[in-house]
Each structure stands twice: as structure tokens, then as C-alpha cells.
1. In this structure, is GLN236 surrounded by fewer than 20 Cβ atoms within 10 Å (Cβ to Cβ), under 20 Å from THR415 (Cα atoms) and polar (S, T, N, Q)?
2. Please work out which residue is nearest to ARG268 (Cα to Cα), limiting yourself to segment 337-379 and to residues that are among the β-branched types (Val, Ile, Thr) and crowded, with 17+ Cβ neighbours inside 10 Å.
3. Does ARG413 fit the bill of being surrounded by fewer than 24 Cβ atoms within 10 Å (Cβ to Cβ), closer than 19 Å to LEU520 by Cβ and charged (D, E, K, R)?
4. With respect to THR423, determine if the residue is part of a helix (DSSP H, G or I), in contact with a helix residue (DSSP H, G or I) (Cβ under 6 Å, 6 or more places away or on another chain), under 21 Å from PHE369 (Cβ atoms) and modelled with pLDDT under 95.
5. Restricting to segment 620-635, give me the number of residues that are open to solvent by 20 Å² or more (accessible area, probe 1.4 Å), aliphatic (A, V, I, L, M) and either touching a helix residue (DSSP H, G or I) at 6+ places or on another chain (Cβ under 6 Å) or without any contact (Cβ under 8 Å) to a residue 24 or more places away in the chain (or both).
6. Being modelled with pLDDT under 95 and either of a type in the set (D, E, K, R) or more than 14 Å from LEU265 (Cα to Cα) (or both) is the filter here, so list the residues in segment 172-194 that pass it.
7. Looking at (1) surrounded by 17 or more Cβ atoms within 10 Å (Cβ to Cβ); (2) free of Cβ contacts under 8 Å to residues at least 12 places away in the same chain; (3) not aromatic (Phe, Trp, Tyr), which one does ILE617 not meet, given that it meets all the others?
8. Given the residues LEU265, LEU247, which is the only one that is in contact (Cβ under 8 Å) with a residue 12 or more places away in the chain, under 27 Å from VAL204 (Cβ atoms), open to solvent by 20 Å² or more (accessible area, probe 1.4 Å) and in contact with a strand residue (DSSP E or B) (Cβ under 7 Å, 6 or more places away or on another chain)?
Amino acid sequence: MTPTRSESLSAVRDGVLTRPGLRCSGLRRELTAAYDQWLQALLPSVDGLALVAVGSLGRGEPAPYSDLDLVLLHDGTIDGLAETADSLWYPIWDSGVALDHSVRTPEQVVAVAKDDLRAMLGMLDVRHIGGDLDLSTQVRERMRQLWRASATARSSQLRELSTERAALAGEAAFLLEPNLKDSRGGLRDAQALQALAIAQLLDVPATVRQAYEELLDVRGELHRRTGRAEDVLRLQEQDGVAQALELHDGTGQPDRDALLRKVNLASRTIAHCLDGAWRRADPPVKRRRFGRASVEPERVGLARDVVAHDREVVLARDADPPRDPGLVVRAARAAAENGLPLADFTLARLAAEAAPLPVPWPDAVREDFLGLLGSGVAAVPVFEALDLAGLLERLIPEWVAVRCRAQRNPVHRFTVDRHLLETAAEAARHTRELDRPDLLLVGALLHDIGKGTPGDHSVVGTSIAAVIAERMGFSAGDVAVIAALTRHHLLLPDTATRRDLDDPATIRIVTDAVGQDVDLLELLYLLTIADAAATGPGAWSDWKGSLIVELVRRVRSVLHGAAPPSVPPLDEQRRALAETGELAVVICEDKVTVAVPDRVGALYRTAGVLALNLLDIRSASIRTYAGVAVNLFTVEPRFGRMPDPVRLRADLVRVLDGDTGLAGQLREKERTYARAAVVELQPPTVHWFDDEATDATVLEYRAADAIGLLCRVTAALERCQLDVRSARVSSVAGSVVDAFYVTSRDGSLVPVDRRADIEAELLKA
């Protein structure tokens, strides 16, 4: 329907947006037509005057709330030009539609484009809307001629723009909240590829064109859902966008993970193509030979039937992929070991012609695969190139389940598949520390392979890893080790941070898991280091690292024949403090010792005072001697400075003497210093562990972190008539696991029939 002159542009837009069933490319097409018709009705019919669109409207792909980028072209002879321009711009502004506008002659357009690359790129998409068609055509042709003549020289500047955007907006392939336009691999990068194609410097592959359309689809529905020009796919919008794009899970609910996989994979496809474009734009490397500069040799052999040519890895002329099952892995290893990319046409040929691998893999293929993994960080882009070409899933069919799978935890920098590759790369740094580095490399690559399958990923991943290892041709004993690395890859960090290292039962937890195998313990230790490094800075700290090192040292000692440690006696300082019978606070580095006459409520009040002083408690040793509780807290100041012990003692005296304002003060602190949630946190849960402590029951409380949480939880435990012997607090990315060693007041283990009531009380906290 042709819009009437009395309709505002926003009303025209809204009419298109409310048409049932209209979305994606159809929506963009109809919006373009509606905008064009409305604008044409405003433009006077005057020779030497034309209205053109650039940007998204120029490309015919406007998102619902994108700015309109318009240029009023004139030949320099138009009378009343300012009034004519106002008659165009004011109705748009009055409609509430954002507008970027200019009035220029063709010569002015050219002059601006010569000085401003962004303006040049925008004008490449100039599209005639109304008026003098010859004028619009002239500008379009001159812009494209100018760009083709200067694109090679200006490609480095185009690359800088892409790098600057990525530095600010991150890499869309791995973000939980990607910027669809400006993140690396986003719409801007795809448009850079289109600009290079206009300059005839490359052909945009069909996969990239499809990826670009998919990002446009997501952005269009994001605009429609938010009612504004929003480019960041925020968590709270993902269900709605997934619903609009008809992405559903097995229960018919919106599948936000499928939405993120779509965005991540599209962005990865665009980024891979752009990397190739920049690589080909670089000048050839030269070297000195016989006193003269010469280009590198045309072809250099890297492996059997694999050569380097023009800074890429290609197949030799007589290579025969259908008769050479190991060629894919051999070429990939050669690429990684030489720091070169696999050429796109080589990947395409291998995808079309390569023979399937025998099962189990031949020894030579397995060795090449291990060589690829052992190349470290250089292997990551090679694996991703194989994956984009569909070759990695032929080697590891189970990879499909983890490809581009988001990890909805801000501590993780990467999707599951990229995390596995990064962990293997980090593991490659430690291969000289082991007799069997191959087991570490494969274990690192597969440790989270279960995250693509419902259930505890450590448990379900164990059988998946075993199947893969068997297919690779590992012996039964080696398969068992690789499966054990998957099953227990969280054993050391979880045990070290959630269990009392002074309890002999803690050592038994690890020795039972590794089956008295010292080599497996060492593999798990190095895998833990690699896993944390690949996860992100939030996964590791000096405190956590020291606990893991100490746990491994103690377990290693026991496995080598030493007697299991016993519960250590109370140290002299704490015993001396107890013998005074007085309230005391001692601070030494990251340790706070509090001596207070033993009474109900002392523990939670102490935890509350530490929280009021912005100390995050990492562990607590709760001991009583001579009627005095002498509790040792390992703490981390929230802002890097330990408080004055005199002030701490004064606060504690006030609270112990009956100050009832503790809860209110903690709530105020939480409001003031609350950390913004990045992910949607699950409700708190309570978990019980028997036989993991000596003469105590282990209770884990898992919840969103908060300043006063430990105070509230310990208060609930005291209301339940439980004594806390020790505690460990592990906080990562806004979530906390508080592990308490508890007994009934008579010192007995917590009966099973009491646990439901205790859980109910705790969940109120």
C-alpha cells in the first residue's frame, strides 16, 4: 500500500512492523519499499536534484529502528536549496525517526570520500530514491571508481577500523552478549568484505553472505523487540529474539543457546574470511639471497604431499586426497607447526575429496594429530579452519554437540569448543613435564566434551571421551586414563577450595579418585592449570593456586608411601589467645584470628562484622579451647586494604553486646556494593556429603554471592542447632559455594531425617 502524505514516517514503519508473518529479509525488503515511497512523495521534481540513500537503507537492509542515512545531491544550480532540504528533513525529524543527512554536489561527495574512509565506505552503497537518476548514477560510478583505484592502498586503514571496533566490542564468536554490528565478525566486518569485493580484491563466499543475512535477521528482531536501535544482543532479550526467529528447544520453549550458536558461528565465519583478506593484502615477504632481494620460493615442501605457497598451506600437485586418509591431519599439522593457514581452496578440496579415516586410526595419523595438538596456540586457528570446513567433525563426530555452545558463566571467555582448543594449547606448554604428554593433550582437548550432552558434563563426558580415544587408536589402558581425566578434571580445584586440607578425609577423596596412580595425579594437576588458564582470569587466583599446590603435595606424599596426615593440633598463637579468656582480633597478612568467649551466635556475628568491613571470607577454621572460640579466617579485602584490628574489635564488641542493627547494616552494604549480575543466577541449593570429612558432615550451600551471605547462612546453621567446625568459601563470577563441616550439638553426624528441615531453614537465608 502506498503511504499517504499525511502519514508520519514512524507510522509507516510501524505499519510494516505489525504485518503478521513479516520478518528477516522480507521485513527488510518491505521497510525499504515503504521508506522509499514515503520519501519520494516529499521530493520535488527538479532537474539537477536527487535523493539517495547510503548505509543500511542504501543497501536495502534497514533494521526497524536504524538511522536513515540520506544525501540530497544537486548539480550546483538549484535555487532555494536550503528550503528544499528542510522540506525533506523536518518531516523525518517530526516523525521521531533518527536521521543522518547531508546536501552535496558530486564533487563535494568525492572530496569528502577522499579524506574520510568511513564516508567512502558509506557511499559505496549509494542507492537512488528519487529525482535525477543520472545524478545518482554519476555519484555511484565515481565512488566505485575512486574506491577501486585506492582500495589496495587504503586496505590497511580499513583493517585498523576493524581492529579498533574489536578492541572495544570484543569477539562476537565468544561473547554472551555480542554486539551484532561492531564486535569482531559482526556486520561491520562483513561490510568491509563487501567493500573489498567491490574493489575486486576478493569474492565474498556464499557462507559469508549467508552469515551476514543471519546477523541481519537477529538484529532486525532485536530492534523490533526492544523498540529502539539496539545492536547488543543482551541476555534479557535472547528468549524473545529466539522466539521471533522460531528457534525452539525440544520442549517448544525459545532456545537461546541455538540463537547464540547461530550468532557465534556466523561471526566466526565472517572473521575467518576477513583474516584471509588481510593476509592476502599484506605485501609478500622478501629475503636476501646472493646479495639481492628475492621473493620467497614459490613452493616449499612441508610434509608428504603438503607444501607452502604464497604464505598458505596447499596440497602438492600430485596429492590424491581420495586415496590418502591421513592427508587432512598431516596438512593441518604442517600448517600449525609452520605457523601458516590452510588455504581456503585446500580446505574446500579436502572437504570434497578426502577419504574417511579408518577406525581405529593408523599410528601415523594419531602421531600427526598429537603433533597438531602439541603445536600449542598455533593449532587453534588451524582447528577452527578445519571446523568451518566441516572437516573436524569427520575426525571427531562428537564435536558437533559442543560447536559454538555458549557457556553462560562470565568466568569463561570462550564457547565450549574454543575453550577445549585453548585448554589443549595451554597443556602444550607443559608437555616436557610428563612421560606421556600425549595423554595430557588429548585429555585437555576432551575434558569438557560432555557439555554438549544433558547431565553432569564430567560424568557423561567420560564415556564420550573413551569412545573418541578408542577411535583414535589408544590402548585400553590409555583410554582409561583419558576417560579419568575427563571424569575428574574438576577434582583438584573443587576439593582444594571446598574441603578442609587439614582433614585426613580430604586426602582420601583424591587418592580414592586417582586409584593410587601418581601419574594420573600429575596429569590432573597440569590439566587443572591448563583449564584455568584457558577459562579466564576469574578462574584462578594466588589463593586458589596455593591450595591446589598444597593439596597435590599432600596427596603425592601419601601416594609415595607417607602416612596420611592427622588433624593438626591448635597452633600456639590461637591457644595463647584462648587462654587469656578475652576477646581479641589479630590480623596477619590475609589471616584474621578472632578469639571470643564461646557462645551461641558468636560465629555468625563475627562473619557479619568481617563483611561490614568489606572482607570476603575464603576459609574459616572454627576451633574451641578453654571455653573460647578461636576462629581463623582467610580473607580477601574487597578493595585491597585490610582494616584496622582495633576497629574490627570495637565493631565486634558492639555486635556481641546486643547491637541488633547488624542485619540492616549488611543489607545497606549489599545495596551499596552489590556486583552487577552478568548471568541469570539459579536459586540457592543445599547439598550433603557423607564420608568426606572426619567426624563431621559436609554441607554445601550454593547461591549468588552477597556481602552478608555467610553471616546469614551461619546464623541459620546455629538456629538449626548445628556446630560449624570449619568452612571453605569459593566464589567465582558472582556465584558462591560455601562448604561447612558441621555436627549436631552433641558432636554426632547430622542425621538424615533432620536434613530436610535444615535445608528449608538455610534456603530462607
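1. So GLN236 fits the description; yes.
2. Among those that are among the β-branched types (Val, Ile, Thr) and crowded, with 17+ Cβ neighbours inside 10 Å, it is THR346.
3. No, not satisfied.
4. no
5. The total comes to 1.
6. GLU177
7. Unmet for ILE617, out of (1) surrounded by 17 or more Cβ atoms within 10 Å (Cβ to Cβ); (2) free of Cβ contacts under 8 Å to residues at least 12 places away in the same chain; (3) not aromatic (Phe, Trp, Tyr): (2).
8. Answer to the selection: LEU247.
The values are calculated or read from the model by the stated rules, or taken from the named source; none is laboratory data. Keep in mind it's a predicted model, so treat the numbers as computed, not measured. Cβ: placed from backbone, ideal geometry, glycine included. Neighbour counts: every protein chain shown. When the accessible area is computed, the model is the full protein with side chains, heavy atoms only, and any ligands, DNA or RNA have been set aside. Shrake-Rupley method; radii C 1.70, N 1.55, O 1.52, S 1.80 Å.
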